[in-house]
Amino acid sequence: MKRILLFAAAFAALTMTAQDYTFEKVWEVTEGLPTNADSRQGICVDGTYYINVKTNNAETGVTPYVVAVDENGVQTTDFEGGLNCGITCDEAGNLVISLATFPGSWACDGETPLIRVINPTTGETKEYAIPEDAAVLGRSDMLGMAQGDLMNEGKLFMVGQSADASNSGVVILSIVDGEVDVDNSYEATVDVAVTPSTATVINNIDGERAFYVTRNAAPVIITPDGDNFAGQAIALPNKGASCGAQIFQFDGKDIAVYPTLPNYQDGFAVAEVGAEEPLFTVEPTGKTAYAQCNWVNAEVVGNDAYIYQYMPGLFVACYKMSAPSTAVSNVNATKTATGVKYVNLAGHVSNVPFEGVNMVVTNYSDGTQSTTKVVK
């Protein structure tokens, strides 16, 4: 489905009005999902939804593992999972799994690996220890999406809850040349008061800005300010208190997908950041989220945004939001490149070129895109 669309003839996209978009459910899976207590977070990568199952049963020999969900159902992978709930991804499409022991605090001794990174295509795995200078305070069950390529060079932002729930720090785990960059891994501060919880995550937006969101406080967009972060609280129409939200760039706009009221049910909305009304709303059916989680993530491919919803133990669903492809009216207009994605012949997407044939999709500041073919 998605991989065929990647190589469709038209990739041009201009800024559209809300009524120009279309929105539809593509598929939903309800059977065969792991139990909700052991699988509280998931993430979409290249059209597949991955869930970490943290079970660790010595009597049966079952250890943590990862399942993959797509329109064909649930399949168990060969990937070793983590003892905590957290699973996320980076911009290169690598899975990132928490190895901290549930439900205890992060242990930062600088030696014990606490993050596992897996390339879901090749199976390559790396593990990283969090330096002592980057100690994460308190319990942290969830992970947010990372910047860059954690196999080689990137950053993972982490948040924990301190004993008095007052910490508003952001721990930066920096990876350079496939190793932990100890000098640039540390705890930064945010100048906007937030209240972290076990369901706080920091999702990368565009390689510079990030989205700090927790179920019990206003969401915040954070930007680097020296070694720390400046924050701007934002309001999202009818936002509920479930954990699980993301801001992504689509059609030249910052678009948020987030759970809605009533709290902890399965409704969600898609809205332009700063707008008074959502673009689309999926009404709740009364299904209640386990562990107060209603995960909604997005992947953008050409003129389409695929939105994945995961209600732990209940269902995984995929929706598609589309903007019509439109010819560029002013080819002489000044524009600059704002982002580049590489797509291989299998339909996998990355921020760095694959070996062999790549389709290079470039986004520009005027909302348009171009597509070229290169061979590495």
Pop out the ³J(HN,Hα) list for region 86-92 in order, Karplus 6.51 cos²θ - 1.76 cosθ + 1.60 with θ = phi - 60°, rounded to Hz; leave Gly and Pro as x. x, 8, 8, 8, 10, 5, 7
Could you compute the net charge surrounding Tyr319? Neighbours are other residues with a C-beta less than 12 Å from the C-beta of Tyr319; K and R count +1, D and E count -1. -2
Asn238-Thr281 pseudo-label distance in nm [points 7 Å out on the Cα-to-Cβ vector]: 0.2 nm
PRE zone check, label point 7 Å out along Cα-to-Cβ of Asp133, amide N under 20 Å, scope region 169-198, hits 169-190
Quick one: order Tyr258, Tyr264, Tyr364 by neighbouring beta-carbon count within 10 Å, fewest to most. Tyr364, Tyr264, Tyr258
Cα gyration tensor of region 20-322, axes a ≥ b ≥ c as square roots of the eigenvalues: rounded (a/c below 1.5), prolate (a/b > b/c) or oblate? rounded
Going by how many other Cβ atoms sit within 10 Å of their own, how do Ser39, Ser174 line up, fewest first? Ser174, Ser39
So what is the relative contact order for region 20-322, in percent, with contacts set as C-alpha pairs under 8 Å and at least six apart? 15 percent
Indicate the gyration tensor shape class of region 216-339 (rounded, prolate or oblate), computed on the Cα atoms with a ≥ b ≥ c the square roots of the eigenvalues: a/c under 1.5 is rounded; otherwise a/b larger than b/c is prolate and the rest oblate. oblate
Cβ-defined net charge surrounding Ala230, 15 Å radius [Lys, Arg +1; Asp, Glu -1]: -3
Please list, in order along region 204-218, the HN-Hα scalar couplings obtained from phi with the Karplus expression 6.51 cos²θ - 1.76 cosθ + 1.60 (θ = phi - 60°), rounded to whole Hz, x for Gly and Pro. 4, 9, 8, x, 10, 7, 9, 10, 9, 9, 9, 6, 10, 7, 5
Charge tally for neighbours of Gln292 with beta carbon under 12 Å away, counting Lys, Arg as +1 and Asp, Glu as -1, is +1
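FYI, it's all coordinate maths here, none of it is from the lab. Bear in mind the structure is a predicted one, so any value in this text is a computation, not a measurement. Every residue, glycine among them, receives a Cβ derived from its backbone with ideal geometry; neighbour counts consider all protein chains shown.
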